Amino acid sequence: MTRSTHIVALVVAAGKGERVGGDLPKQYWKIGGKAVIAHAVDALAAHPAIAAVHVVIGAGQEELYSKAIGTRLLPAPVIGGASRRDSVLRGLAAIEGASHVLIHDAARPNLPGAVIDRLVEALEHHPGAIPGLPVADTLARGTDILGDVVPRDQLYRVQTPQAFQFDAIVAAHRAWPDDREATDDAQVARAAGHRVAIVPGDALLAKITFGEDIAVAEQRMAARMIARTGLGFDVHAFADKAELWLGGVRIPHSRGLAGHSDADVALHALTDALLGAIGDGDIGSHFPPSDPQWKGADSGRFVEHALGLIVERGGIVDHVDLTIICEAPKIGPHRDSIRTRVAALLRLPERRVSIKATTTERLGFTGRGEGIAAQAIATVRLPEDL
């Protein structure tokens, strides 16, 4: 591709996805804690050849889309039409000026970067390219009775994204008869006389159509994830006329802690552990102590922010282990309450949260009763390419 190449990805997510079951369109179901559509968007946005990602959604799906995309910086979504082809045409109109476009179904969340590589390379020699997998199973005609076997040596399972020269696919769609529906964009391109190359697809690109496909996609994604561990440590001195908050629970005590926000040393250590697992700085870089808006703030907000960053990356928090270090107060009577609160903040079952306490045998500043320390370890799984 030349410097003038401007490849834009168009994610088509305007369908109702009724065959999956339930009231929620399949593109908004969650896999690994992240919406199906968000997985597709992230895979495209992460590829260096793609300059921008635009999304076409159904009318009335604005709120679902906003929750699924979160803080990702994307252009405003395009509202789709009554048919898939109408939706694609509206999306193409929104990206006028692109040299090439990759049109992708949002219901295919597992998109390997190598597939995009092959499509981009094919566009150097062809007006269009699609990923495809050779059919491996025996194919036969019939209804209740087995009929003739269909030769499979030249049959492919067609996948997305499908890549095209922008002007060619726009003209092809405009020339397509209004009284016919196209199953995909390659069919439209071929009808206009364009040669569409086939590049190797990937089994990971399987489309989510039925409810059981969600579980299969979860398994495939889990197989591609790696575990990371983050460590957090924090210290706060005691202060008079302050409330004592530990692990999101107010603890009755003669003194509270001085420091950032509500000075919850346990949640601060936990926040740093979560951020450390994804290599995203520490609590001070996200919530500077010098910023007055965080004075007295609930430290649970920091934990939820760190969790949100993990989820946006397609990550899963597997387990956290938090140790509170002090001579007083006694943590034992409050251990269960802290565990319940931390589990709620992380949206985890309590069995995946460990809360412990220890002393330093009267050694050091905690042993002298000058303050409280806390350390935390978080185990997180992330996609292997992050």
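The values are calculated or read from the model by the stated rules, or taken from the named source; none is laboratory data. Quantities reported herein were computed from a predicted structural model and do not represent experimental measurements. Note: ideal-geometry Cβ built from the backbone for every residue, glycine included; neighbour counts use all protein chains shown.
The table below lists the values:
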| quantity | calculated |
| --- | --- |
| Positions within region 25-71 being closer than 19 Å to ASP105 by Cβ and of a type in the set (D, E, K, R), in sequence order | LYS26, LYS30, LYS34, ASP42 |
| Candidate set: region 183-196, residues that are among the small types (Gly, Ala, Ser) and surrounded by 19 or more Cβ atoms within 10 Å (Cβ to Cβ); chosen: the one nearest to HIS104 (Cα to Cα) | ALA186 |
| Qualifying position, being more than 28 Å from the chain's Cα centre (by Cα) and surrounded by 21 or more Cβ atoms within 10 Å (Cβ to Cβ), among ILE310, ILE355 | ILE355 |
| Exclusive hit being charged (D, E, K, R), touching a Ser or Thr at 6+ places or on another chain (Cβ under 7 Å), within 22 Å of MET225 (Cα to Cα) and not in a helix (DSSP H, G or I), set ASP262, ASP318 | ASP318 |
| Odd one out for ASP153, checked against (1) modelled with pLDDT under 90; (2) surrounded by 13 or more Cβ atoms within 10 Å (Cβ to Cβ); (3) more than 30 Å from ILE31 (Cα to Cα) | (2) |
| Matching residues in region 156-179 - criterion: being outside any helix (DSSP H, G or I) and either modelled with pLDDT of 90 or more or surrounded by 10 or more Cβ atoms within 10 Å (Cβ to Cβ) (or both) | TYR156, ARG157, VAL158, GLN159, THR160, PRO161, GLN162, ALA163, PHE164, GLN165, TRP176, PRO177 |
| Subset tally (residues that are assigned to a loop (DSSP other than H, G, I, E, B) and in contact (Cβ under 8 Å) with a residue 24 or more places away in the chain) for region 60-76 | 5 |
| Tabulated pairs, region 268-297, first farther than 19 Å from GLY315 by Cα and at pLDDT 95 or above, second of a type in the set (A, V, I, L, M, F, W, C) and loosely packed, with under 12 Cβ neighbours inside 10 Å, C-beta under 8 angstrom, 6+ apart or interchain | none |
| Sole exception among (1) in contact with a helix residue (DSSP H, G or I) (Cβ under 8 Å, 6 or more places away or on another chain); (2) at pLDDT below 95 for GLY60, by number | (1) |
| Residue list for region 97-132, restricted to those being assigned to a strand (DSSP E or B) and either under 24 Å from the mean Cα position of the chain (by Cα) or buried (at least 21 other Cβ atoms within 10 Å of the Cβ) (or both) | HIS100, VAL101, LEU102, ILE103, HIS104, ASP105, GLY128, ALA129, ILE130, PRO131 |
| Answer from LYS330, LYS356 - the residue that is under 17 Å from ALA269 (Cβ atoms), without any contact (Cβ under 8 Å) to a residue 40 or more places away in the chain and not polar (S, T, N, Q) | LYS356 |
| Odd one out for ALA186, checked against (1) in contact with a helix residue (DSSP H, G or I) (Cβ under 8 Å, 6 or more places away or on another chain); (2) in contact (Cβ under 8 Å) with a residue 40 or more places away in the chain; (3) of a type outside the set (D, E, K, R); (4) in a helix (DSSP H, G or I) | (1) |
